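Enquirer: Let me begin by handing over the structure; questions about it come next.
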Amino acid sequence: MKSNWLMCSVLVSVLSVGCAQMENGGMGSKSIKTPGQHRQAFAKKVTKTLICDYLLFLPEGYGQTKQDWPMILFLHGAGERGDDLQKVKKHGLPKIVQRQKDFPFVVVSPQCPEDDWWTEKADVLINLVDEIVAKYDIDEERIYLTGLSMGGYGTWTLAWTYPERFAAIAPICGGGKRFMARRLDNVPIWAFHGAKDRVVPQRESEEMVKAVRAGGGSAKLTIYPNAGHDSWTETYKNQKLYDWFLSHRRVAKTE
């Protein structure tokens with residue numbers, strides 16, 4: 001239903017690396033015609049249109065008093081991709097807020113297009129966060145990130161791409177590039193996984209948590225011994241997760 005979702009269309013100007021052509025009088029000079037190796041540079045302005053459909057949940061009491069609300073960005077799994085937002089309500093936070101109207105967070109649940117992946121959508125997601133912050137009463141020090149399966153991978157990726165934006169993250173049955181974990185030393189992490197998961201092996205979460213800790217970061221991992229791939233149902237019904245989120249605020253980056 002269109003009343004349950006909004007469309008985000010953000011124009012982003014991306015400027016490629018550029019500087020003057022050092023040997024030819026600056027940008028716009030003629031091409032070099034003499035043999036040999038020459039120092040050059042390339043500059044081009046590219047305009048990009050970023051579009052995504054998403055579910056937006058505002059809790060009971062929103063707008064009645066002047067206050068900024070904590071926000072959770074939720075990333076669904078591969079099975080909920082497409083152009084039908086009803087699918088996003090199948091699991092996780094969009095399912096919970098359907099019945100829990102007093103859920104104490106603004107929840108933003110974008111939908112990934114069919115045959116695409118959250119790990120390739122960091123630019124879309126961070127601009128969506130910017131859009132929500134600009135339009136709604138959001139506490140920028142309490143923006144949290146979580147996702148399941150494909151969304152778990154997306155959670156790791158978005159967090160290390162923009163570590164300064166999130167107060168804490170909770171990736172569920174996901175994984176990522178261990179060499180990027182060093183970028184998460186200031187981001188509190190609580191990961192979750194099922195010991196009997198045959199879709200995403202448990203070691204995916206274990207290796208990421210280990211890498212974050214090795215880099216000096218704060219990360220913990222909960223393993224459900226009897227759970228398979230569905231380790232999110234148990235996770236999202238646990239009040240301790242939301243208390244843990246709210247116990248963290250974004251850490252200001254020091255120079």
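The values are calculated or read from the model by the stated rules, or taken from the named source; none is laboratory data. Quick caveat, the model's predicted, so the values are computed rather than measured. Positions of Cβ are backbone-derived with ideal geometry, glycine not excepted, and every protein chain shown enters the neighbour counts.
Enquirer: As an exercise: evaluate Lys48 against (1) over 15 Å from the mean Cα position of the chain (by Cα); (2) assigned to a loop (DSSP other than H, G, I, E, B) and give the number of the one condition it does not meet.
Expert: It is condition (2) that Lys48 fails.
Enquirer: Can you tell me which residue is modelled with the highest pLDDT among those in region 105-127 that are loosely packed, with under 13 Cβ neighbours inside 10 Å and outside any helix (DSSP H, G or I)?
Expert: Glu114
Enquirer: For the condition buried (at least 22 other Cβ atoms within 10 Å of the Cβ), under 27 Å from Arg81 (Cβ atoms) and in contact with a His (Cβ under 6 Å, 6 or more places away or on another chain), what is the one hit in Ser205, Ser149?
Expert: One residue alone meets the criteria, Ser205.
Enquirer: If you go through region 222-255 one residue at a time, how many are modelled with pLDDT of 95 or more, surrounded by 10 or more Cβ atoms within 10 Å (Cβ to Cβ), of a type outside the set (S, T, N, Q) and under 28 Å from Glu140 (Cβ atoms)?
Expert: Residues in region 222-255 being modelled with pLDDT of 95 or more, surrounded by 10 or more Cβ atoms within 10 Å (Cβ to Cβ), of a type outside the set (S, T, N, Q) and under 28 Å from Glu140 (Cβ atoms): 10 in total.
Enquirer: Let me ask you something else. Based on what the data block shows, is Leu56 modelled with pLDDT of 95 or more, surrounded by 13 or more Cβ atoms within 10 Å (Cβ to Cβ), in a strand (DSSP E or B) and not polar (S, T, N, Q)? Before you say what the answer is, go through the steps one by one.
Expert: On the way: modelled with pLDDT of 95 or more: yes; surrounded by 13 or more Cβ atoms within 10 Å (Cβ to Cβ): yes; in a strand (DSSP E or B): yes; not polar (S, T, N, Q): yes.
Taking the combined requirement at face value, the residue satisfies it.
Enquirer: Residue under question is Phe192, and the condition is that it be of a type outside the set (D, E, K, R), surrounded by fewer than 22 Cβ atoms within 10 Å (Cβ to Cβ) and free of Cβ contacts under 8 Å to residues at least 60 places away in the same chain; does it hold?
Expert: Here the answer is no, as Phe192 does not meet what is asked.
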